[in-house]
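Notes to accompany the following structure.
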Amino acid sequence: MQAKRNGDISFWYADIGGVPVPRPPLPGDIEADVVIVGAGYTGLWTAYYLKKARPSLRIALIEREFAGFGASGRNGGWLSGGFTWSREKYLKTSTRQGVSAMQAAMAGCVDEVIRVAAAEGIDADIRRVDNLTVATNPAQLERAREECETIRAWDVDPNRVEMLDQAATRARINVRDVLGGFVVHGQARVQPAKLVRGLAAAVERLGVPIYEQTTVTAIAKGSVTTNRGTVRAETIIRATEGFTAGIPGEERTWLALNSAQIVTEPLSPELWRAIGWEGHELLGSAAHAYCYAQRTREGRITMGGRGVPYRYGSRTDVNGQTQQATIDQLHQILMTLLPQTAGCRIEHAWCGVLGVPRDWCTTVGLDPTTRIGWAGGYVGLGVSSSNLSGRTLADLILGQDTELTGLPWVNRKVRRWELEPFRWLGVHSMYQLYHLADRREAAGLSHTSKLAALADAITGH
């Protein structure tokens, strides 16, 4: 099925009347105390907390397109506070207490984002909800139980996660062939573009200029060079997430993984009664080829997944336009889980990129010698993780020794990705193996396919 609209950044912008008129670019050479490259969630949160902590700081935000152009305005709207990265990898350079503290800090981002949104008058369709992961075959159910137990074992509040049987899962959302699932409490749904636009306005009210339509061509100690002039500053923050590979010298730092979404027309009350979903839960599945969905404010369903997972050389899309094959794949996932939607129109499709470190574990840090900092590699958890990044970077920049600056992701070093064509071959092999594993499990394999383990081994997932 073709979408009525493809690209135009995302449905989230169509929902608020279209993409914004860009702010003025950098007017030429300037000086600042802190310059932040990238005006998405990470850059904006960093500027917000810095300016709140020290109003006298001269902060400049540099953005190639407009604030919220990237993943911040295109994501699935999961304010999850989740922690899907490998705890064991962080544990190698930390302690169990440290990793647990990091998981708790991530979970706390949900309340913090909601607090700031209320304080700044940001209406982002925020609704507190549970996160439901469903299993539709025995192998998926086995993984769901394992993940539920892992979360419970590490979480400071073991009651935050709950395993559901078949009847309890179906009572929440009437997913076809569902066998069970697990739910994580204490999360929220957001309208991503509303959140990032509101946050940008809040930062501007604090006196931080956002220079848009300004392309960074080089980052070095003490200076950021752009096509509009040079910004000289003692501290520089790279907040470019999935677009990091486009900065000279950073081509292999983080891989630009593609993710795409479709959104239906508003569903009728009769159709909603057939589906359920009265709790507006965030919805995912225990399949290897991951998907993510939400029920929107006006009664649509968004469904997201990897689609065509990676473009050669970490290239990015053009204004969110995605391939018809990806639209078809996401539509098939939607109809497989919720066959009740088979007759619904697909009104919009779009895609974006997210940053993936070589070990699939996010980091935040500040080099004390160069005073160049970074945050990202969120692997799809940026709505909440970016908030913790912003608070942590503010503490690091101000030289404060806090609970946040001691978390195990701070200043964590990760090796770079391989040269092409090895990156392309590795990522595409991984997802092909995931799809094969899902098909084998759907055909009756009662345990997790070994093909999935091979996929993880190839890329270090």
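Brief remarks on what is shown
- Summing charges over neighbours of Asp165, with a neighbour being any other residue whose Cβ is under 12 Å away from its Cβ, gives +2 when K and R count +1 and D and E count -1.
- Only one of (1) 1.02; (2) 0.97; (3) 0.95 was calculated from the structure for Rg/Rh (Cα atoms, Kirkwood Rh), and its label is (3).
- Surface accessible to a 1.4 Å probe, per residue, for the residues of the chain, Å²: 38 Å²
- Local net charge near Thr370, Cβ-Cβ under 13 Å (Lys/Arg +1, Asp/Glu -1): +1
- In degrees, nearest ten, helix 450-459 long axis to first principal axis of the chain (Cα): 10 degrees
- Crossing angle, helix 382-397 versus the chain [Cα axis fit, 0-90 degrees, rounded to tens]: 30 degrees
- Percent antiparallel among DSSP beta bridges (both partners in the chain, rounded to 5): 70 percent
- Its Cα centre serving as origin, segment 275-398 has a Cβ charge dipole (Lys and Arg +1, Asp and Glu -1) of approximately 180 debye.
- Between 0 and 90 degrees, the angle of helix 138-154 with respect to the longest Cα principal axis of the chain falls at about 40 degrees.
- Sites listed here are trypsin sites (Lys or Arg not before Pro) in segment 165-201 whose DSSP assignment is loop and whose Cβ has at most 14 other Cβ atoms within 10 Å: Arg176.
- Between Gly249, Pro408, His288, the Cα set farthest toward the positive side of the dipole of the chain (charges on each charged residue's Cβ, about the Cα centre) is that of Gly249.
- A Cβ-based charge dipole, computed about the Cα centre of the chain with Lys and Arg at +1 and Asp and Glu at -1, lands at about 440 debye.
- GluC sites (Glu not before Pro) lying in DSSP loop within segment 209-298, provided at most 12 other Cβ fall within 10 Å: Glu278, Glu298
- Solvent-accessible surface (1.4 angstrom probe) belonging to His331, in square angstrom, nearest 10: 10 Å²
- Selection among Leu44, Ala124, Ile151 by position relative to the dipole of segment 38-188 gives Leu44 as farthest towards the positive end (Cβ unit charges, Cα centre).
- Spin-label pair Ala118/Gln432, simplified geometry with 7 Å Cα→Cβ offset, distance in nm: 5.1 nm
- Calculated from backbone phi, Karplus (6.51, -1.76, 1.60) coupling profile of segment 85-98 in Hz, x at Gly/Pro: 6, 6, 5, 5, 5, 5, 5, 4, 10, 8, 10, 4, 4, x
- To put it simply, the accessible area of segment 379-461 at a 1.4 Å probe is 58 percent carbon and sulfur.
- When you filter the GluC sites (Glu not before Pro) in segment 94-181 for DSSP loop state and at most 16 other Cβ atoms inside 10 Å of their Cβ, you are left with Glu120.
- All lysines inside 29 Å of Lys194 as judged from Cα atoms, apart from same-chain residues fewer than 8 positions distant: Lys4, Lys51, Lys52
- Ellipticity at 222 nm from helices only: DSSP H runs of n ≥ 4 in the chain, each -39500 (n - 2.57), divided by the residue count, give -10500 deg cm²/dmol.
- Cut-off 10 Å between beta-carbons: net charge of the residues surrounding Ala452, Lys and Arg +1, Asp and Glu -1: 0
- Full-extension gain in nm, Thr215 to Thr370, via 0.36 nm per residue minus C-alpha separation: 53.6 nm
The values are calculated or read from the model by the stated rules, or taken from the named source; none is laboratory data. Nothing here was measured: the structure is a model prediction, and the numbers come from that model. All Cβ positions, even for glycine, are placed from backbone atoms using ideal geometry, and neighbour counts span all protein chains on display. With ligands, DNA and RNA removed, areas are computed over all heavy atoms of the protein, side chains included. Shrake-Rupley method; radii C 1.70, N 1.55, O 1.52, S 1.80 Å.
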